[in-house]
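So the structure is just underneath, and the comments pick up after that.
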Amino acid sequence: MFRYFENLVDPYCDYPEKDRPPTDLWPFMKDYARPFRRVFIWTALLSVVVAAIEIGLIYYMGRVVDLLSGSPVQVCADHGLELILLALFILFLRPAIHVLDVLLLNNGVLPNFGTLIRYRAHKHVLRQSVGWFENDFAGRIANRIMQTPPAAGEAVFQVFDAITFSLSYMIGAGILLATSDIRLTIPMLIWFVLYALLIKWTVKRVGPASQAASDARSAVTGRVVDAYTNIHSVKMFAHHESEMDYAKEAIEKSRQTFQAEMRIYTAMDIMLVTLNGVLIVGVVGWGIALWMQGQASVGVVAAATALTLRLNAMTGWIMWALTSFFRSLGVVAEGMETIAQPIDLVDAPDAKPLELTDGRIELHDVSHHYGRGAGGLDRITLTIEPGEKIGLIGRSGAGKSTLVKLLLRFYDSEGGQTLIDGQDISTVTQDSLRRQIGMVQQDSALLHRSVRDNLLYGRPDATEAQMIESAKQAEAHDFILDLEDPQGRKGYDAHVGERGVKLSGGQRQRVTLARVILKDAPILLLDEATSALDSEVEAAIQQTLYGMMQGKTVIAIAHRLSTIAQMDRILVMDRGHIVEEGNHADLLAQNGLYAQFWARQSGGFLKTDEDTEAAE
């Protein structure tokens, strides 16, 4: 039974992906809710039916009171079958309808609606460019991916469980009182208008107050996490008390904002109790007055009393449901700031897979300044022949990493054209482009998974033997066999922690190298590939690196000039331009910037900008 309702909607069903999703709240919610349209209709109808049954039962209880005014024998003879049918309805049909309503909402809608939003939001965010991620915090992005789905689910839940039901109930209550005596609806209408004004007053104030309290809690979290993240500095400088004062300031503000929010709810409760007193006295008192005048039966008074007491019990729940509804919509709106952002770096409509034949790379007047008008690259023209090994050096900010990022199409260049084997990389699919390029970065972050998962990321279809061989070539196999995580997983099954934190820098670098060796892509990019290795391990891996370069087109960025001295050609970059090029001997003979770098190196490292300026 559960499985049937749980499978009414497939949260992973195919859907048209949009590069520019709706940015307004209701179109956004409607877009995600489209697969649930039929289920939502049935859920709303059942919610109305359940409310109508509740009103009907109250009405019938009033009728039963009137029936009991007669003799037991007469009641049994005239209405016995009617009462038996009512009992059977209450025992069997009413629970069945209620169970169907609950199954649709709790099992058909809620688990799948949140899952659908989370899956599609994550898929949309993953399609964003590297530059997009560099402009935000990973924690905030993940937090919004996690918070938005349950908030959207809570909003849907309140629509059907509270709002639809309560509206139906109040309309039904009005109809019931009107059929008993139209005059009984007057106090209820007055109460309803005042209750609506109270809702408006509460919702108007709860939203900002709740947002302020949420922001204050986030500030507390930020300060606490900042202290924990930098605990070495806190301990080293003995700043325990100052950190406590810093946190206390945020904690106190959080307390004050929460107090302000709770004042609104307290005022709401006081006004609500007063209003409900007016409702009870107005409806029941008027009913009793009508009875005393002989214009209403005891059953009518009983039904009116039961109805108002039920409304009295419901009003607080309805108020909380509405505030929860609007608060949840606020969380969804906040999440939309991330998950509804347009995707600007997309494949061309007619993009085809890259057909790599030789590995020739050509840049024609390529410029990219990250929208700032300066920095990055400025009108670079360069041809790298198939199988050529290029070394790339320059001070920090010279444009080396920008060139590599443009080649991977992490950004679209602001000007010029980049070709691989004659194909403009902006006209081929991004995935096919990156599958043909292997890259080892200076920041050798790993996935929070097993060593095996990290290695096979380079080539998922590789065999165990191929994976182990790549690890051996990167001088990683021996230390991998000695790994064991806190859960007792060993060797290649051991998990490496967030960003590989459980491994040393050199170990992470070797795993990254092994992954690229396993990928065996025809174009190889090395960004300080051995920067985290000690001299002994670097010497052992150096031959492996030269071996894996054979037959590939290679671009290697390095500050340690000895690592690129054997390259076919070395390019010296400065301020976004290629200012020198040639092999090691030619560049030394030119006695230019490269020769200065070579002469000023200490221990094989390139001087920083500050060191160079000081020396000059």
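Computed from the C-beta positions of Leu408 and Asp461, the FRET efficiency with R₀ = 22 Å rounds to 0.50. Each residue of the range 289-419 gets 254 Å³ once the volume of the Cα convex hull is shared out per residue. The distance from the alpha carbon centre of the range 437-470 to that of the range 173-212 is 63 Å, rounded to a whole number. Rounded to the nearest 10 degrees, the angle from helix 110-126 to the longest Cα principal axis of the chain is 20 degrees.
Between the helical axis of 138-158 and the longest alpha-carbon principal axis of the chain there is an angle of about 20 degrees. When Tyr60, Tyr492, Tyr119 are compared by accessible area of protein heavy atoms, the largest-first order is Tyr119, Tyr60, Tyr492, using a 1.4 Å probe.
The residues of the range 183-245 have, on average, 66 Å² of accessible surface per residue, using a 1.4 Å probe with all protein chains present. What share of the DSSP beta bridges in the chain is antiparallel, in percent to the nearest 5? About 50 percent, rounded to the nearest 5.
Compared with the dominant principal axis of the Cα atoms in the chain, helix 298-339 is inclined by about 10°. Each residue of the range 409-417 was assigned a 3J(HN,Hα) from its phi angle through the Karplus curve 6.51 cos²θ - 1.76 cosθ + 1.60 (θ = phi - 60°); the sequence is 6, 6, 9, 8, 5, 7, x, x, 9 Hz, with glycine and proline shown as x. For the range 17-111, the orientation-averaged shadow of the C-alpha convex hull comes to 8.4 nm² (one quarter of the hull surface).
Projected over all directions and averaged, the alpha-carbon convex hull of the range 54-169 occupies 9.8 nm².
State, as an integer percentage, the relative contact order of the chain based on alpha-carbon contacts under 8 Å between residues 6 or more apart. Once divided by the residue count of the chain, the mean separation gives 14 percent.
Distance distribution P(r), the chain, all Cα-Cα pairs, bin width 20 angstrom from 0: 14, 34, 27, 16, 8, 1, 0 percent. Cα centroids of the range 46-116 and the range 374-417: 73 Å apart.
As a fraction of the 1.4 Å probe accessible area of the chain, surface on carbon and sulfur atoms comes out at 58 percent. Restricting the range 459-512 to trypsin sites (Lys or Arg not before Pro) that sit in a DSSP loop and have at most 16 other Cβ atoms within 10 Å of their own Cβ leaves Arg489. For the set Val278, Val39, Val102, the ranking by accessible area, highest first and with no ligand, DNA or RNA atoms included, is Val278, Val102, Val39 under a 1.4 Å probe.
The values are calculated or read from the model by the stated rules, or taken from the named source; none is laboratory data. Keep in mind it's a predicted model, so treat the numbers as computed, not measured. Please note: Cβ atoms are built from the backbone with ideal geometry, for glycine as well, and neighbour counts cover all protein chains shown. What goes into the accessible areas is simple: the full protein's heavy atoms, side chains included, and nothing from ligands, DNA or RNA. Shrake-Rupley method; radii C 1.70, N 1.55, O 1.52, S 1.80 Å.
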